[in-house]
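Input: a single structure, listed below in C-alpha cells.
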Amino acid sequence: MKMKKYEALTEQQAIEMVKNELGMDAIILNIKKIQPKGLFAFFRKPRVEVTAAYEDKPVVSKEIFENKENKNEGSSFNKRMIEKSAQDTKKIAKQQQTIDELEKKLNDTEGLLEQVMQKLSVSSHNFDSPRKYDNAMLQFFYEKLTSQGVSSKISEVLLKDIENIEDLDNLDINLIVKVVYNRIINILGEPKILKVEKRGRQAYAKNVVFIGPTGVGKTTTIAKISSQFIFNDKLNVGFITADTYRIAAVEQLKTYADILDSEVGVVYNSEDVIEKINEFKVVNDVIFIDTAGRSHKNDENLKELKSFLEVIPDAEIYLVLSITTKYEDLLSIINAYSKITDFKIIFTKLDETSCLGSVLNICYETGREISYATNGQNVPDDIDVIKPEEIARDLLGSR
Ligand SMILES: Nc1nc2c(ncn2[C@@H]2O[C@H](COP(=O)(O)OP(=O)(O)O)[C@@H](O)[C@H]2O)c(=O)[nH]1
Ligand SMILES: [Mg+2]
C-alpha cells in the first residue's frame, strides 16, 4: 500500500482527484479541513485535504477480468477480488454519504456566517443602508471604512474596480488590504510640518498664525509646538494673541509664555499686530500668533479675520480643527476659511474618537495639506506629525 495526499476547495473535488488518479480502489484514509492562516484568514476559504491509500498495482477491475494466466487460482482469486470490490463499493458509498453530510453542514455554516456578518454590520452602524456589495469581503471593507467615518463615496473610491477582478472569491484578502491601504496613503499625501530656522543677522522671525473655531485647541497646540522649538531647537519664540474676546484667553497664553520664558503681545486690531510683529521680529526666530475662534458662519467675522491676516508678512497659516466635530461641519468650516486664506490643517482631540474617517474625507474632498495631530491635553507631549500609515491601519482595523 502507498499513501498520497490531495488538496482541493471541497471534499468532492479532492475525492474526484483521488478517483481519477488512483482509480476506484483507492481507500480514503482521512479527510481534513485546512483552516487558512494570517490576517483576515476569516475570509479565506478553507481547503480540504484527503489522504488516500492505494495498491502499487493498478485498479481492481483490471485484475479480476484480465488475470487469465492464473487459471487454477483464478476462480478463488476472482471471488476474493469480487468480495473486496463489493466491500470497497460499500465503503465508497458510505464515504460519499459522509461527504454529502459534511458538505451540507459546511453550506449551513457558510449561510450562518453570512447572516452573522449581516447582523454585525447592521447593528454596528447603518440601519438604513442596503448591502452595497454581493461579495462578502468587499462588503466587510465597506462596512469597516464607513463605520470609521469614511464617507460612502470615498469608501467606494477605495474599493473601486476590485469587484471586477476575476475569481474574486478566491482572491487573497491581503491583496485587497494592500490596494486599499495604498489608496488611503495616496489620498492623505505627505504631511507638512512647520520648519523654522535660526534667524540670520538680517532675516526676521517667521510668522505662524493659528486660526479656527473656538475651543478646538488653538492655544494649547501653539503651546505644544512652540515648546518643541524652545526646548529642542533652542529657538527664540514670541507670542501674539488677538483673542481678546474671552477674558481667560489672554491669561491662558500668558501662563504658557511664562513657563516657556517668552514674551506675549496682546493686539486688538491690524495696526496693533503690525506694530507687535515689528517689535518681536528682530529678537525672535518665530512668532506664534493666536486668533479668536469665532463663528465661521458670520461673514463679518471672516472679513475681519481676512484683513487681520493680510497685514501679517509671509504668514504660514494653520487651520486647527477638532476631529470630534461632525464631518459636514468640518467641511463647511474649511470652505468658509478657504474663501479668505490658504492654510494647512491641524487635527486636535484624536484621543477623543476612534473614527478617523473625517481626516481622509477632508483630504479627498478639499485637497488641503495636513500637518499635525494632537491627542491629549498634555503640553508639550500630546502632539505629533500626522502619520498616514497609522491612519490607514486604523481605518482598516488592523492596528
Ligand atoms: N482631549 C483633548 N483635549 C484637548 C486637545 N487639545 C486641546 N484640548 C483641550 O481643549 C480645550 C480648549 O483648548 P484651547 O487651546 O483653549 O482651544 P482654543 O479656544 O481653540 O484656543 C482645553 O481644555 C484643552 O486642554 C487634545 O488634543 N485632546
Ligand atoms: Mg485660544
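Throughout, read-outs are computed from the coordinates displayed, never taken from laboratory work. What you see is a predicted model, and the numbers here were worked out from it, not measured in a lab. Virtual Cβ from ideal backbone geometry, glycine too; neighbours counted across all protein chains shown.
Values computed for the structure shown
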quantity	calculated
Ordering of 19-26, 379-386 by burial proxy (mean other Cβ atoms within 10 Å per residue, highest first)	379-386, 19-26
Point-to-point label distance, residue 4-residue 231, nm (Cα→Cβ direction, 7 Å offset)	7.0
Residue order, fewest to most beta carbons within 10 Å, for 15, 346, 173	173, 15, 346
Within the range 211-241, trypsin sites (Lys or Arg not before Pro) in DSSP loop having at most 16 other beta-carbon neighbours inside 10 Å	234
Full-extension gain in nm, residue 171 to residue 393, via 0.36 nm per residue minus C-alpha separation	77.9 nm
Fully extended contour minus Cα-Cα distance, from residue 20 to residue 339, at 0.36 nm per residue	107.5 nm
Two-decimal ratio, the range 310-354, of alpha-carbon radius of gyration to 2.2 N^0.38 Å	1.31
Förster radius 56 Å - calculated FRET efficiency between residue 261 and residue 369, Cβ distance, rounded to 0.05	0.95
Distance between modelled label sites at residue 329 and residue 214, nm, 7 Å Cα→Cβ extension	1.3
Candidates per chymotrypsin sites (Phe, Trp or Tyr not before Pro) in the range 167-245, loop by DSSP, up to 15 other Cβ within 10 Å	245
Förster radius 51 Å - calculated FRET efficiency between residue 299 and residue 178 (Cβ-Cβ, nearest 0.05)	0.65
Cα-based equivalent ellipsoid, the range 125-188: semi-axes from gyration tensor eigenvalues, Å	18, 16, 9
